[in-house]
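Here the structure comes first, spelled out in structure tokens, and everything after it is commentary.
The values are calculated or read from the model by the stated rules, or taken from the named source; none is laboratory data. This is a predicted model, so every value here is computed, not measured. For neighbour counting, all protein chains shown are included, and Cβ atoms are generated from backbone atoms with ideal geometry for every residue, glycine included. Heavy atoms of the whole protein, side chains included, go into the accessibility calculation; ligands, DNA and RNA do not. Shrake-Rupley method; radii C 1.70, N 1.55, O 1.52, S 1.80 Å.
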Amino acid sequence: MIKALSEDLRNKISAGEVVENPASVVKELIENSLDANSTQIMIVIEKGGHQTIQVSDNGIGISVEDLPSSVMRFHTSKIKELKDLFEIETLGFRGEALASIASVSEMKITSNVREKDGYCLRFVNGSHNGVEPAPKINGTEITIRDLFYNTPVRKKFLKTPRTELRKIVDIVRRYGLAFPEISFKLIADDREIFDLNREKLADRIDKLLDPTYSKNLLPINITKGDYFFSGFIGNLNLIRSRPGEQYLFLNRRFIKDRLMNRAVYNAYESLIKRGEYPFFVINLVLPNDQADVNVHPMKLEVRFNDEWRLFNLLKNVVSETLQSILNTTPSFDASFEFPIDDNNRFFNVPANTLQKNIPVTSRQAELKPPSSESSVVPNNNLKRAREYVSQLAEASKENENQISVENIWQIHKKYIISEINSGLVIIDQHVAHERVLYEEALEAFESTSMASQTLLFPETLVFSPDDFDGLLDVLPYLEKIGFKIKKQDQTSIRIEAIPSELSIGNEKNVIREILDNFLKDQKKYSSFQEGLAAMFACKAAVKAGDVLVKEEMQELVNRLFSTKHPYYCPHGRPIIVQLSLHELDGRFERH
Ligand code: ADP
Ligand code: MG
């Protein structure tokens, strides 16, 4: 016989979907508080929520007339007709949460609307005995005890209080990040976990994650057509080898979306390896008709109308933002100086602000300092100097971070030190050279080959048949980076020339190592070319321990600053460390 289910049983069944664990209860209650325009929300937890979950707010409250219906299934104040469903401005809209939670716990709601008396409603065993008078609290307080006491199977599936608490903390953190203008307090077993007052998002990130984060953030605030993107992305200091700190919101609703995560990762390009995850808090603000959040009550998935458009826009937004770190880090001064008037005033021209797109070789020719004997300034020099000065004025860049290659030293055969106006910079010679060769190799793959030096005595190299197959894949690229190699027979090659930057003598080892490492590690890189370029750069770059003369250091620094990413090596580690005068003065207690 087919019978209608009782209201209580229906609620218990839908509770199976809505109320998964204490954290999902906390989620629903916080959303209700936010929908009620609260500015302060307090969450109190006992025993990971097994025993008590209480959420109180200072929102608009529930009137005494509405109290009983607030806990009835499909009763909501948030949508009235079908069209509202497509223009949802609130976090909740199904009218299921309170009913579901009440059916699997003991619930008490206390509330009042402004200027009205307070009332409460107690729910036991899925029903209540009407509203009772209660003290005014100017908001709403919902207390849940003994979650799942009447559904023993579900209770059994609850994790330990510690694990459940961790999930609750994650939930509160998400809302904290999405609503930095709201005060949140989270207390668990009398311990204060968060005490957050209205603040800027960057400060909120520090409080919710780690106090060093805000120093490593790049802001996003970009409009693309009818889409708006805001939030922060982390610089390379916030890259982790495990996922978990990727906060994506759609109109301030936390969502999970692999494609959009991928868009962000892709924008970091070679700055991150596979298996590395950048930090971000990004809110996508899309018109309501561009996404459907009504997919599943608990799921964090949404459907975008045009996910590829969003993917591309998001990727571009993050790329643009990453570009901005590179532009605000110090610019490079090749210190060619033009005496331009009788008072011998000098103007330093930051090379990479003016000459970014000129290829390295022609730049170097131009960067030669004028000879110091020339006491009379030739006319054309004067003209060029004036041009530069006016360009400088237009560029209106601050010069305080120019690197002077005149004052340059090597220490411990490992680091290059140079003075800048605001202090000093320390450059790791190996990773600096690595970055240079890496980008030059990538470029060479696309266009003309890198320079070679011919070997006086060509070398023969024999491989196992397996390795030889691998080598054949790599061979065209080896040629691009400056090797000249002839196939001799089915398993051997003849090396006739090597990249001019490679020191002669160990080319056999280098080729073998490039091949071995490349075959072993290529999965780490997003493309064949990147992997090969990185491997070559690592092998051919100067090492710690190599002595560099002044001209070599100057050349290296020159070339470093003509790369796209002079501040980080292909693996994301820093190349340059800056020490400001300010910092030094502080250390010496010169205040
Ligand atoms: P929904 O949020 O989908 O509307 P709920 O079951 O979560 O459904 O809540 C039912 C109704 O109870 C809401 O529509 C709202 O009118 C009211 N309500 C719940 N919590 C609060 C609160 N903290 N402050 C004010 N009203 C609330
Ligand atoms: Mg709700």
Less than 19 Å from a label point 7 Å out along the Cα-to-Cβ axis of F588: which backbone N atoms in the stretch 410-442 qualify, by residue? 417-426
Modelled label-to-label distance, R274 and N407, 7 Å Cα→beta-carbon offset: nm? 4.7
The farthest towards the positive end of the charge dipole of the stretch 7-198, of the residues S70, T140, G126, given +1 on Cβ of Lys and Arg and -1 on Cβ of Asp and Glu, is G126
Sort the following peptides by mean Cβ neighbour count (other Cβ atoms within 10 Å, averaged over residues), highest first: 463-471, 249-257. 249-257, 463-471
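Can you tell me the accessible area per residue over the stretch 7-198, all protein chains present, probe 1.4 angstrom, in square angstrom? Each step should come with its number before you reach the end.
Working: 9330 Å² over 192 residues.
Accessible area per residue: 49 Å².
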Between the stretch 486-513 and the stretch 442-472, the Cα center-to-center distance that results, in Å: 6
Give me the log10 of I(q) over I(0) for the stretch 446-537 at q = 0.11, 0.13, 0.15, 0.16 Å⁻¹, as the Debye formula computes it from C-alpha points; what are the numbers? -0.28, -0.39, -0.53, -0.61
Taking +1 at the Cβ of each Lys and Arg and -1 at the Cβ of each Asp and Glu, which of T563, L581, H591 sits farthest along the dipole of the stretch 548-591 towards its positive end, judged by Cα position relative to the Cα centre? T563
Please work out the FRET efficiency for the pair L455 and D546, using the Cβ-Cβ distance as r and a Förster radius of 25 Å; give the result to the nearest 0.05. 0.70
Cα-projected label distance for D467 with L519, points at 7 Å along beta-carbon direction, nm: 0.7
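At 1.4 Å probe size, with every protein chain present, just tell me what the per residue accessible area of the stretch 446-537 comes to in Å².
Details: 4770 Å² over 92 residues.
Accessible area per residue: 52 Å².
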Inter-part gap, Cα centre of the stretch 1-76 to Cα centre of the stretch 234-275, in whole angstrom, is 32
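In debye to the nearest 20, how big a dipole does the stretch 98-224 give about its Cα centre with +1 on each Lys and Arg Cβ and -1 on each Asp and Glu Cβ?
Values: 23 positive and 17 negative charges, 98 e Å.
I would put it at about 460 debye.
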Order by protection proxy (mean Cβ within 10 Å, highest first), peptides 185-196, 149-160, 44-55: 44-55, 185-196, 149-160
Could you tell me which of the pairs K273/K414; K215/K256; K27/K167 are separated by over 21 angstrom between their Cα atoms in the structure shown? K273/K414; K215/K256
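Given +1 on the Cβ of Lys and Arg, -1 on the Cβ of Asp and Glu, and no further charges, what dipole in debye does the stretch 175-313 carry about its Cα centre, rounded to the nearest 20? Could you put the intermediate results ahead of the total?
On the way: 20 positive and 19 negative charges, 67 e Å.
Roughly 320 debye for the stretch 175-313.
With a 1.4 Å probe and all protein chains left in place, how much of the accessible area of the stretch 446-537 comes from carbon and sulfur atoms, in whole percent? Intermediate values should be presented prior to the final figure.
Details: 2380 of 4770 Å².
Roughly 50 percent of what the probe reaches on the stretch 446-537 is carbon or sulfur.
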The size of the Cβ-based charge dipole (Lys, Arg +1; Asp, Glu -1) of the stretch 460-569 about the Cα centre, to the nearest 20 debye, is 160
Measure off, as a whole percent, the carbon and sulfur share of the 1.4 Å-probe accessible area of the stretch 103-142, all protein chains present. 45
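Give me the percent relative contact order of the stretch 204-326, please, defined on Cα pairs under 8 angstrom at least 6 residues apart.
Numbers: 194 pairs, mean separation 36.0, N = 123.
RCO, the stretch 204-326: 29 percent.
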For the stretch 204-326, with all protein chains present and a 1.4 Å probe, just round the carbon and sulfur fraction of the accessible area to a whole percent. 45
